[in-house]
Every structure is written in C-alpha cells, then in structure tokens.
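Scroll down for the structure; my scribbles are underneath it.
The values are calculated or read from the model by the stated rules, or taken from the named source; none is laboratory data. Since this is a predicted model, take the numbers as computed values, not measurements. Cβ placement follows ideal geometry from the backbone for every residue including glycine, while neighbour counts extend to all protein chains displayed. Heads up: the accessible areas ignore ligands, DNA and RNA and are worked out on the full protein's heavy atoms, side chains in. Shrake-Rupley method; radii C 1.70, N 1.55, O 1.52, S 1.80 Å.
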Amino acid sequence: MMEKDRRTALASLAGIGLLVAGCAKNDADGAKKSEGDEDAVTANEDLMREHGVLRRILVIYREVAPKLVANPGAVDAAALAAATTLFQTFGERYHEQMLEEQHIFPIVRKAGGEAAGLVDALLAQHARGREITAYILDRTKSGRIGTGDAQPLAKTLTAFARMYEPHAAREDTVVFPAFKKAVGPKGYDELGDQFEDIERRTFGGDGFDIAIDKVADIERRLGLADLNAFTAPAVT
C-alpha cells in the first residue's frame, strides 16, 4: 500500500513538473511573440511613414524654390536631382504604383463611400506628379540649373509640393482607414505581409530604411538637415 502511494505521489509530481514546464514554455513563447509584435509594422503605419519620406522631399522642394530664384548657381542641382529620383523610385514606382494603384485604390473604390470618391482625383495627381518629376529630372540632368530654367523650375517645385501635401493628407486620414475597414483584420494583416514582401523584393531589403538614409544625405547636401532651423520665430 505504501509503495502504491509512493508511486502515485511521484506520478503526480512528474505531472506537475510537466505542467509547470509547459506553462513556462508558453509564457516564453508568448513573450517572444509579444516582443515581435512590438516591432511589427502594420500596413497603414508602413504607408504613412512612407509618406513621411515623401514629405521630407516636399520640404526640400519648398526650401529650394526661393533659392533658385535668388541664385540658381548656388543650388546643388545634383542633390535636387537625387531628391527627385528618390521620389520617383520610392514614391511613384513603389508606393503609388505597386501599393496604392494595384491594391489599395481598387479595394477602396469597390467599398464605396467618401474614400472611393477621392480615387479619381488621387490617380490624376499621381499622373501629374510623374510629369513634373520627369520635368525636374530633365532640367537638372546637366548638373547645373540654367538662369532661364530657374524661375519656371521654382514655380513647378512649389506647385508640386502644394498638390502632394493635401494628397498625402487625404490618403492618411480618409483612404487608408477606409482600406483597413474594407479588408477586415485578417485581410489587413495578410496585405501588410504582402506589402512587406513587395518592399523587400523591390529594394533588396528594408526600403524605408534605405530611403531614410538617402533623404537624410540629400538634406545635408542642401543645408536642410538641422530641424532647429525650421522652428518658427517668436510672435511679436
């Protein structure tokens, strides 16, 4: 009887040990998953931070425009061309054509509502932006900006920034939330993974990090890297 009780007790202890070990493994796996989730970037977050890169290029355009008018020879034409090339590769060919036009806009248009009503205007602005990009690259390809080109180029840079600022703002606040709602949680996660795969195939790595490094270098070349320089003056 005592031997039977001893075997029963040992079996119970072994069961408790397995249960504790299993709980510890689940806790560790859960912690690892939670830690991974903290680093995960959702589809809309990725789209909006890509807009952040493009907005930094818009700042470059707005800051360069008056300098072109004042003294075109003092503007680093190669740096301006690099900014426009980045907008073309990262903004137009990847963000606009591969993500928005192939995936997001068709879903939003089908869902209807306010966001669907914006799609035609957004597409028209994409097309106009590509025309402007081609124009800027043509005017900067020689490595210098001629005096005769300075005024129209400055006007075009300002007009592009004026167009794209409300464009990106409407996408961030109307189109992307509508896209997330239309596809539902599972579809949203799946498309987020698909967008990440497209990004890595297109750029051979994290396209956002690559673009951030490039835009930061362009800002330094154009003397626009210091955030403090953009602080508004005190009200008098």
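Counting only residues that are over 16 Å from F87 (Cβ atoms) and without any contact (Cβ under 8 Å) to a residue 24 or more places away in the chain, how many does the range 197-229 have? Give the derivation first.
Start the filter on the range 197-229 by keeping residues that are over 16 Å from F87 (Cβ atoms), which leaves 197-201, 204-206, 209, 220, 223, 225-229.
If we keep only those that are without any contact (Cβ under 8 Å) to a residue 24 or more places away in the chain as well, we get 197, 200-201, 204-206, 209, 220, 223, 225-229.
Adding up the residues that qualify gives 14.
What do you reckon, is D76 without any contact (Cβ under 8 Å) to a residue 60 or more places away in the chain, within 19 Å of F160 (Cβ to Cβ) and of a type outside the set (S, T, Y)? First the steps, then the outcome.
Numbers: without any contact (Cβ under 8 Å) to a residue 60 or more places away in the chain: no; within 19 Å of F160 (Cβ to Cβ): yes; of a type outside the set (S, T, Y): yes.
Here the answer is no, as D76 does not meet what is asked.
If I filter the range 164-180 for residues that are at pLDDT 95 or above, under 20 Å from Y94 (Cβ atoms), of a type in the set (D, E) and open to solvent by less than 50 Å² (accessible area, probe 1.4 Å), do I get at least one hit?
yes
Would you tally the residues in the range 74-85 being modelled with pLDDT of 95 or more, part of a helix (DSSP H, G or I) and open to solvent by 10 Å² or more (accessible area, probe 1.4 Å)?
Qualifying residue count for the region: 4.
For residues in the range 118-148 being over 30 Å from A178 (Cβ atoms), in a helix (DSSP H, G or I) and polar (S, T, N, Q), which is most open to solvent (accessible area, probe 1.4 Å)?
T147
Restricting attention to the range 149-163, and to residues there that are over 19 Å from the mean Cα position of the chain (by Cα) and of a type in the set (A, V, I, L, M, F, W, C), which single residue is surrounded by the fewest Cβ atoms within 10 Å (Cβ to Cβ)?
A159
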